[in-house]
1. Kirkwood Rh over alpha-carbon pairs of region 582-623, then Stokes-Einstein at 20 °C and 1.002 mPa s: what D in µm² s⁻¹, rounded to an integer?
2. Pop out the ³J(HN,Hα) list for region 451-463 in order, Karplus 6.51 cos²θ - 1.76 cosθ + 1.60 with θ = phi - 60°, rounded to Hz; leave Gly and Pro as x.
3. Could you state how much accessible area Ile157 has, in square angstrom rounded to the nearest 10, with a 1.4 Å probe and all protein chains kept in place?
4. Please compare each pair in Lys36/Lys303; Lys133/Lys283; Lys133/Lys435; Lys683/Lys754; Lys576/Lys638 to a cut-off of 19 Å on the Cα-Cα distance and tell me which ones are over it.
5. So for Trp644, Trp679, what's the accessible-area order with a 1.4 Å probe, most first?
6. Report, to two decimal places, the Cα Rg of region 368-754 normalised by 2.2 N^0.38 Å (N = number of residues).
7. With θ set to phi - 60° and the Karplus curve 6.51 cos²θ - 1.76 cosθ + 1.60, what are the ³J(HN,Hα) couplings of region 518-526 in order, to the nearest whole Hz, using x for Gly and Pro?
8. Show me, for region 636-647, the HN-Hα J-couplings you get by feeding each phi into the Karplus relation (A = 6.51, B = -1.76, C = 1.60, θ = phi - 60°), rounded to Hz, glycine and proline as x.
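The values are calculated or read from the model by the stated rules, or taken from the named source; none is laboratory data. What you are looking at is a predicted structure, and each value in this text was computed from that prediction instead of being measured. Cβ placement follows ideal geometry from the backbone for every residue including glycine, while neighbour counts extend to all protein chains displayed. Surface accessibility is based on the protein's heavy atoms, side chains included, excluding ligands, DNA and RNA. Shrake-Rupley method; radii C 1.70, N 1.55, O 1.52, S 1.80 Å.
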Amino acid sequence: MKFGKEFEAQMVQEWQEAYVDYSNLKSILKDILRFKQLNNLPSPMAATIKGKLKRNASLYRAFSGLTSRFRPESTLNNNEDEVILVSAVQGRDGEGDYQTMFLSSNEEGAEHELVFFRRLDDEFNKVIKFYKKNVAEVIVEADELSKQMNALIALRIKVDNPVIGENDVVNLVPNGFSSNSSSIDHPTNGGNQAWSMMNVIQEEKKKEDNDGINGGEGNKKEGFKAAPLEVLDHVKINVEVGTPLSTLKAVIKSSKSNLSFSRKELRTAEEKITRAIVEFYRKLRLLKSYCFLNQLAFSKIMKKYDKITSRNASKAYLQMVDKSYFGSSDEVTTLMERVEDTYAKHFANGNRRKGMKKLRPQAKRERHRITFLYGLFSGCSIALIVAIIVNLHARALLNSVERDQYMVNIFPLYSLFGYVALHMLMYAGNTYFWKRYRINFPFIFGFKQGTELGYRQLLLLTSGLSLLTLAAVISHLDIEIDPRTQTFRTLTELIPLFLLILVVSIAFCPFNIIYRSSRFFLIRCAFRCVCAPLYKVTLPDFFLADQLTSQVQAFRSLEFYLCYYVWGNFRERSNKCEDSEVYRVFYIVVAIVPYWLRFIQCLRRLLEEKDAAHGVNGLKYLSTIAAVALRTIYQFQKQKTTAWLVLAAATSGMATIFNTYWDIVIDWGLLRRKSSNPWLRDKLVLAHKVVYFLAMALNCVLRLVWMQQVLGIQTVLFLHGTALTAVVASLEIIRRGIWNFFRLENEHLNNVGKYRAFKSVPLPFCYDHNGDNSM
């Protein structure tokens with residue numbers, strides 16, 4: 001793999017604009033190479049080609065191939081002669097900017113090289129400023145985590161030994177990973193002792209051990225210091241407003257509460273600090289990778305420059321890179337070592353290997369058996385589809401009197417699994433294209449590293465669900481048609497119910513099988529959606545709620561399950577659900593519940609973030625609720641009146657226009673007339689702009705499909721009404737899948753624009769001013 005592609009593959013996507021623009025520098029070097037090749041040709045030929053190149057820049061590439069046999073000659077007699085001078089110039093903001101002076105500027109064609117070094121300096125200054133800024137931020141975070149660690153260990157001691165007085169002096173662990181220390185604290189008393197035994201440590205012995213390890217007076221530690229338990233008098237617990245209980249507490253009283261010195265409180269604090277340290281260590285790793293990759297890029301580009309120009313400028317420039325803050329600072333490495341030691345000692349019982357597994361989770365290994373299994377399941381599903389079609393034609397079910405009975409009673413039961421499988425298939429396609437176009441969806445959704453499902457795993461689940469559903473369908477048909485199984489008619493009608501119980505059981509299975517972490521993540525998000533007003537709304541929560549708005553027909557199928565098997569006569573394959581007023585009311589309720597959840601989420605975000613856009617978004621969902629309710633009422637009318645038709649059509653039209661505008665302009669960030677890409681947006685992930693226009697047009701068309709049900713237009717005469725409803729619901733799921741890609745693309749680009757590559761992790765403790773001073 002070429003370095004340019006490898007460089008792009010390894011960079012942090014949210015920081016991609018902060019990396020050195022290697023491709024741009026490389027293109028300038030290509031211009032220099034072309035000029036050198038032109039100068040090696042006879043003058044008349046060179047003049048002719050130069051004139052053509054001015055008229056048609058695309059001829060450069062063809063010309064480069066023709067002149068590849070000509071090699072540029074050195075403009076210096078001695079390659080060791082000085083070519084450039086690099087110096088730091090004091091800028092207006094007080095920071096030094098590095099500038100390169102090209103000493104061969106009088107040579108012919110030197111303007112190209114001057115452009116190269118000017119661009120190179122701009123890139124280096126950009127990189128070093130970004131690196132300095134982030135290092136300063138992690139140092140501040142390290143100091144804050146150090147205070148949190150001191151409070152945590154004091155709390156551990158207090159919980160384990162509640163009789164210790166407030167004025168007793170206790171040796172705490174090294175002062176976290178404060179940036180003020182100049183060395184690293186290593187555990188010296190058998191790292192595998194439990195944290196309950198760390199409370200009382202002999203100060204003098206510890207100091208002697210530290211001095212012995214560091215070898216001399218100059219390396220004495222500042223990390224071990226005597227800290228009184230009265231630190232806890234200046235500490236309060238941060239109440240995170242993210243759960244129902246914490247929300248009520250925040251409404252009734254302050255968001256900070258006094259310590260209760262309970263073990264539950266200690267466990268909560270440990271969990272929060274653990275997450276904070278893991279996220280902090282991840283940031284340090286990415287900063288170290290950022291430094292290494294940019295140093296490598298500067299080295300590569302300068303070696304290419306030397307090769308093209310036959311100069312020896314890379315030595316001087318790379319010496320400057322090594323001596324700069326970017327190349328000589330070791331704060332990040334030192335902090336990483338301190339985090340590793342601290343985490344291993346206090347969260348892994350001194351087991352460094354165990355601690356490193358938590359800090360550096362291994363990337364998932366792709367398994368060929370997953371590809372084999374979803375290929376097998378997909379093939380079996382296709383075979384079952386063919387068998388079902390043959391079975392239907394053999395029985396002439398589509399033309400028999402049993403058609404309506406089957407479509408009204410059995411088809412809605414199995415269509416539920418079809419909606420779910422189609423949505424999973426669309427999400428698998430989303431993950432494939434997100435990964436292909438380097439959209440960091442695991443970070444956006446907040447998945448734990450290594451637990452996110454790739455498109456192969458999703459295809460495996462989709463094909464497995466399809467296989468189960470199709471197997472149930474054909475079993476249903478075969479048992480019914482076989483004379484030997486006529487006595488099992490009741491059991492036959494229960495097959496869809498057994499399938500539903502099996503799928504739900506797998507979804508809620510507590511054992512670590514079938515991607516338990518992903519299943520529980522989905523269940524947690526669904527629970528937070530249901531309890532929307534009481535939970536802090538995060539992106540996974542409202543993203544899932546948006547998915548539920550496209551699964552209205554699936555919720556109605558669940559309602560039909562309840563009606564068919566509880567109040568219906570499933571043994572005779574008949575029901576009178578639509579004749580029940582209760583069923584009709586709940587038919588409307590289950591349809592508006594997803595939109596209501598989104599409306600409540602918008603209200604919660606409006607109260608928290610004070611952003612009027614969330615209020616407008618809430619009005620959008622209210623308009624959709626009105627449209628769905630009026631459309632359903634009109635649908636149930638036996639004698640349809642013009643007044644209800646006008647109301648249903650008007651509200652549906654307004655909701656469609658409102659939703660379509662919000663999809664394209666707000667969620668996707670498109671239709672920006674003054675952007676660099678007219679009628680799109682300034683930054684695009686996809687290279688072909690026509691894809692965006694096609695997606696906008698398709699979104700509008702699919703948004704209008706549901707108007708067909710309002711106006712009662714029977715577009716496909718041979719389809720049963722229930723089948724047509726399923727087709728419309730499936731088109732809405734497909735539209736949602738398209739929406740998902742562009743919605744996350746816009747979110748990713750927003751993260752890139754703000755260099756947002758990390759999640760903010762809430763800390764457990766809050767210091768007052770006296771507490772800060774005491775630390």
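1. Details: Rh = 10.9 Å.
Diffusion coefficient, whole number: 197 µm²/s.
2. Using θ = phi - 60°, the values come out as 9, 5, 8, x, 5, 5, 5, 5, 5, 5, 5, 5, 5 Hz.
3. Surface accessible to solvent at Ile157 totals approximately 0 Å².
4. On the way: Lys36/Lys303 17 Å; Lys133/Lys283 13 Å; Lys133/Lys435 29 Å; Lys683/Lys754 13 Å; Lys576/Lys638 15 Å.
Listed pairs above 19 Å: Lys133/Lys435.
5. Trp679, Trp644
6. The value comes to 1.04.
7. 6, 5, 6, 4, 5, 5, 4, 5, 5
8. Values, residue by residue: 7, 5, 6, 10, 6, 9, 5, 4, 5, 4, 5, 4 Hz.
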